[in-house]
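> Next up is a structure, given as structure tokens.
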Amino acid sequence: MSFSKEVKEELSRQVSSARHCNIAEVAAILSLCGRIIISERNQYSVKIHTENIAVARKSFTLLKKTYNIIAEITIRQNVNLKKSRTYTITVNNHEDAMRVLQSTKLVNEVGDIEENMSVDNIIISNPCCKRAFIRGAFMAAGSISTPEKFYHFEIVCNTMDKATQLSNIINIFQIDSKIVERKKHFVVYIKEGSSIVDILNVMEAHVALMNLENVRILKEMRNLVNRKVNCETANINKTVAAAVKQIEDIKYIRDTCGLSQIPPVLQEMAQVRLDNPDASLKELTGLLSTPVGKSGVNHRLRKLSEIAENLRGRS
Ligand SMILES: [Zn+2]
């Protein structure tokens, strides 16, 4: 199951006990994936379309629990490559539909539909209702990428006004959400891993939050190990480059004035270095006839380089 589905599955089972929150959640779902149909005889009905069974289940439960409405469910097998299904939740009865629409303020007292089915901020004035609203919006039009791959959370809105409203509500919880336009839609998105943890917390998807945290810890550990390996590789490269330079200098001395012309300790050092081109400083300390520390070896090698530099300067 994708992470998106996992989160929706978890949220579908979690229904608030407060009526105000449930109304806010229904409002979000209707606003983003609902439709109002008005018959010739001026009878209203409400439809919710979704491809996710968890969203269908949640919508059905919310309607039952908040309004005591048993909605109709129809399932259609789509004839596309994905072979997905579309679930439609319908409230056919005019009075029932009106109760839902008026409580969510999607229509006013005389039955006028709110433009673009935008949700009135009055529905979401309580912090608890704001959480429910975000949850509903995510259920209706949201997705989360699998955290093993990258961090991305988004909710697709059909108008800029809805996206702005949603983004503002998310930002009230100190989460940095942004809006991007994509194919005539307005996408509210969150990128940062820690912000996605926060939004899961706001929506009260606690199991998904734990799973995401586990992935984040693993990722962090892997990054740490990688950084360490990179650092070690860089050090090895530095050591190799230094050795190459030392050998070059020693060969220069040998080929110009001859190694016999330099002090015996340096002669020995030069020979040991030539014989062991891959040895580290520490390994070189053990190869000399009289033991000398790392700094001693380093000092002698530097002396050899100085001699080579002088010789080069003379020629
Ligand atoms: Zn509430």
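The values are calculated or read from the model by the stated rules, or taken from the named source; none is laboratory data. Note that the structure is a prediction, hence the values are computed from the model and not measured. When we count neighbours, we look across all protein chains shown, and the Cβ atoms used for this are built from the backbone with ideal geometry, even at glycine.
> Going by the structure shown, is A56 more than 16 Å from the ligand (Cβ to nearest atom) and within 30 Å of N211 (Cα to Cα)? Break it down stepwise before answering.
Values: more than 16 Å from the ligand (Cβ to nearest atom): yes; within 30 Å of N211 (Cα to Cα): yes.
It is true that A56 is more than 16 Å from the ligand (Cβ to nearest atom) and within 30 Å of N211 (Cα to Cα).
> Out of curiosity, is R13 surrounded by fewer than 18 Cβ atoms within 10 Å (Cβ to Cβ), touching a strand residue (DSSP E or B) at 6+ places or on another chain (Cβ under 6 Å), within 29 Å of K82 (Cβ to Cβ) and not small (G, A, S)?
Working: surrounded by fewer than 18 Cβ atoms within 10 Å (Cβ to Cβ): yes; touching a strand residue (DSSP E or B) at 6+ places or on another chain (Cβ under 6 Å): no; within 29 Å of K82 (Cβ to Cβ): yes; not small (G, A, S): yes.
No; evaluated as a whole, the condition is false for this residue.
> Cβ-Cβ under 7 Å, sequence separation 6+ or interchain: first residue in the range 91-115 and of a type outside the set (D, E, K, R), partner surrounded by fewer than 16 Cβ atoms within 10 Å (Cβ to Cβ). Which pairs?
Between residues of the range 91-115 that are of a type outside the set (D, E, K, R) and residues that are surrounded by fewer than 16 Cβ atoms within 10 Å (Cβ to Cβ), the close pairs are N92/E72; H94/Q43; L106/I113; V107/I113.
Rundown of residues vs (1) under 51 Å from the mean Cα position of the chain (by Cα); (2) in a helix (DSSP H, G or I); (3) in the same structural domain as P147 (by TED's automatic domain parsing), yes/no style:
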residue: M221; (1), (2), (3): yes, yes, no
residue: V229; (1), (2), (3): yes, yes, no
residue: I247; (1), (2), (3): yes, yes, no
residue: A279; (1), (2), (3): yes, no, no
residue: V297; (1), (2), (3): yes, yes, no
residue: I307; (1), (2), (3): no, yes, no
residue: N310; (1), (2), (3): no, yes, no
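> What pairs come up if the first residue lies in the range 4-29 and is over 12 Å from A140 (Cα atoms) and of a type in the set (D, E), the second is at pLDDT below 95 and more than 15 Å from the ligand (Cβ to nearest atom), and their beta carbons are under 7 Å apart, counting only those six or more places apart or on different chains?
Every condition considered, the pairs that remain are E6/A208; E9/A54; E10/A205; E10/V207; E10/A208.
> Tally the residues that are over 18 Å from V197 (Cα atoms) and away from the ligand (no atom under 16 Å from the Cβ), restricting the search to the range 1-22.
3
Okay, residues lined up against (1) among the hydrophobic types (A, V, I, L, M, F, W, C); (2) away from the ligand (no atom under 16 Å from the Cβ); (3) not in a helix (DSSP H, G or I):
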| site | (1), (2), (3) |
| --- | --- |
| F138 | yes, yes, no |
| Y151 | no, yes, yes |
| E154 | no, yes, yes |
| K162 | no, yes, no |
| S195 | no, yes, no |
| M210 | yes, yes, no |
| E213 | no, yes, no |
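> Let me ask you something else. Scan the range 63-70 and give yes if some residue there is in a loop (DSSP other than H, G, I, E, B), closer than 24 Å to L200 by Cβ and in contact with a helix residue (DSSP H, G or I) (Cβ under 6 Å, 6 or more places away or on another chain), otherwise no. Steps first, please.
If we filter the range 63-70 for residues that are in a loop (DSSP other than H, G, I, E, B), which is where we start, we get 68-70.
Restricting the remaining residues to those that are closer than 24 Å to L200 by Cβ gives none.
Scanning the range 63-70 turns up no residue that is in a loop (DSSP other than H, G, I, E, B), closer than 24 Å to L200 by Cβ and in contact with a helix residue (DSSP H, G or I) (Cβ under 6 Å, 6 or more places away or on another chain).
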